[in-house]
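In what follows, a structure is listed as structure tokens, so that the remarks can point back to it.
Each reported figure results from applying straightforward, stated rules to the coordinates on display, with no laboratory input. Computed from a predicted structure; not experimentally measured. With ideal geometry, Cβ positions are generated from the backbone for all residues, glycine too; neighbour counts draw on all protein chains shown.
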Amino acid sequence: MTVPAARTTGATALLVTPLSTEQDIFALRRHAKAVASAVRLEDREQVRLATAVSELGRDLLRPSSMTAVFSLQQEPPALRTLLQWRDDRAPSRESLTAIIRLLPQTRYEPAPGEPGHSGGGRIEIVCAIPELAARDLKIEQVLALLESDGPASAIDDLQAQSRDLINALQEAHAQRDELERLNEELTETNAGVMALYAELSVEHKDVVERFGQEHELALALQRTFLPATLPRTPGVELAVRYLPAAATTEIGGDFYEAVTTRQGLLLAVGDVVGHSLQAAMVMGEIRHALRAYAAQDHPPHVLLEHLDRLLRLHQPGWTATVCIVLVDPGNARLHIANAGHLPPLLTAAGGTPRYLTEHGPLLGLGLPQPAAVSHPVEPGSRLLMITDGLIETRDSDLRDRMELLRAAVADGAAEPETLCGELVDAFGGEADDDIIVFTARLQPPEAPSQPGFD
């Protein structure tokens, strides 16, 4: 049943559902789907939540009542689902493990037994609401949507569950078709790259026998995987430096990307784990796939999930770190999702640089990525993204080097091109790995953007 809006612990209760019969489980699934839709969770998150609470409800079902409470949290925007009971029931390890894998922000708290009290427990699931979806979300609108959702019969609930299953299968088929199409494009790209490598090898057969010339040939090949230009985007000024490692013939998997989308300017920096021609080819596949997926206007964390699936299907055993930042200059926001990469450094105009430390697991492991996190920015703010070759050395602690980088940025130039050069001069001489330094500065609306490239 729908309850009046009442704020408790920073949240507004939206819906309370009692559970004591099998029919209640079907109603719980329907209510979870309705609430998740009303607060604008993505379709996939709606199905995940509905599946999670119905499975938990079925696992915990007893004749004595259990209660599910759905609440809307304002800051940060999230849907909180609480299942609570007051007897000695407990979720099975298998069920709880499966739910946590499906929705990582799930917490189980058994209540301690007391004299005259048979125990109890609670399970809370938190689903972050994407910043763009939560921007104009009103409590009154959510409650009105839920109140308009009339009662349903058992047949209605079964049909709704069947529709969810059909939609999930259709999505899986669509993703399979998309991956097959993308795989064809990647295969064609790889064939062209290998043909180029073979051609260069034949043309330079007399020089690749020597160490130095072979390294230059490998670097020429690696550069074919990187962007030739940076996009010109109103309100954003870009600059980049790429320096290959100077003392090895093996090429690495460092890459960067900048793509203009309908939602803003998408920036990415990543690193395939390993050094070899194959690592560079995997890097090329990831970058090519990122551009293709970005054209579909997915949020950053969904892009990471797509790249993770691609890597596991087509390059099993390989892992990569990737940080994606969606720059939305019109709304003065940055939306960040980070899969195990070094954190970007954000400097407000006239402010102190700070690392944006939100992160998720590496790509290639099949683990869920947390939702993108939004940060406000203002004209003059600067964003710095790097690969570890800039600051990582064998004899230094990485945290100390990150603090040195923060200090260098605080004292450095505001202009992106100049700042890139200063950082390479300050840190690049000690590097034995590839280096990428990627900077962006938000400009006032009237100032034209002047992308830089080196």
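When segment 87-116 is examined, which residues are found to be of a type in the set (Lys, Arg) and buried (at least 16 other Cβ atoms within 10 Å of the Cβ)?
ARG89 - this is the single residue of segment 87-116 that is of a type in the set (Lys, Arg) and buried (at least 16 other Cβ atoms within 10 Å of the Cβ).
Residues in segment 408-440 that are part of a loop (DSSP other than H, G, I, E, B) and within 27 Å of the chain's Cα centre (by Cα): how many?
2
In this structure, is ALA332 on the phi < 0 side of the Ramachandran plot and either of a type in the set (A, V, I, L, M) or free of Cβ contacts under 8 Å to residues at least 40 places away in the same chain (or both)?
no
Looking at ARG48, ARG44, which one is within 28 Å of the chain's Cα centre (by Cα), surrounded by fewer than 18 Cβ atoms within 10 Å (Cβ to Cβ) and not acidic (Asp, Glu)?
Of ARG48, ARG44, the one residue that is within 28 Å of the chain's Cα centre (by Cα), surrounded by fewer than 18 Cβ atoms within 10 Å (Cβ to Cβ) and not acidic (Asp, Glu) is ARG44.
Exactly one of (1) surrounded by 17 or more Cβ atoms within 10 Å (Cβ to Cβ); (2) in contact with a strand residue (DSSP E or B) (Cβ under 9 Å, 6 or more places away or on another chain) is unmet by GLU55. Its number?
(2)
Working only within segment 357-407, note down all residues that are farther than 28 Å from GLY317 by Cβ, of a type in the set (A, V, I, L, M) and not in a loop (DSSP other than H, G, I, E, B).
VAL373, LEU383, LEU384, MET402, LEU404, LEU405, ALA407
For segment 20-59, name all the residues that are of a type in the set (A, V, I, L, M) and without any contact (Cβ under 8 Å) to a residue 60 or more places away in the chain.
Those that are of a type in the set (A, V, I, L, M) and without any contact (Cβ under 8 Å) to a residue 60 or more places away in the chain: ILE25, LEU28, ALA32.
Report, ordered by the first and then the second residue, all pairs with beta carbons closer than 6 Å, sequence separation of six or more or different chains, a first member in segment 290-306 that is touching a residue at least 60 places away in the same chain (Cβ under 8 Å) and under 17 Å from LEU363 (Cα atoms), and a second member that is polar (S, T, N, Q) and in a loop (DSSP other than H, G, I, E, B).
Hits for this filter: HIS301/GLN369; LEU304/GLN369; GLU305/GLN369.
Kindly evaluate LEU266 against the criterion of being over 22 Å from TYR197 (Cβ atoms) and crowded, with 21+ Cβ neighbours inside 10 Å.
Against the criterion (over 22 Å from TYR197 (Cβ atoms) and crowded, with 21+ Cβ neighbours inside 10 Å), LEU266 qualifies.
Determine whether LEU303 is part of a helix (DSSP H, G or I) and under 24 Å from ARG441 (Cα atoms).
yes
Would you please name the residue that is farthest from ARG135 (Cα to Cα), looking only at residues in segment 22-60 that are part of a loop (DSSP other than H, G, I, E, B) and touching a Leu at 6+ places or on another chain (Cβ under 8 Å)?
Among those residues, the one meeting the criterion is LEU41.
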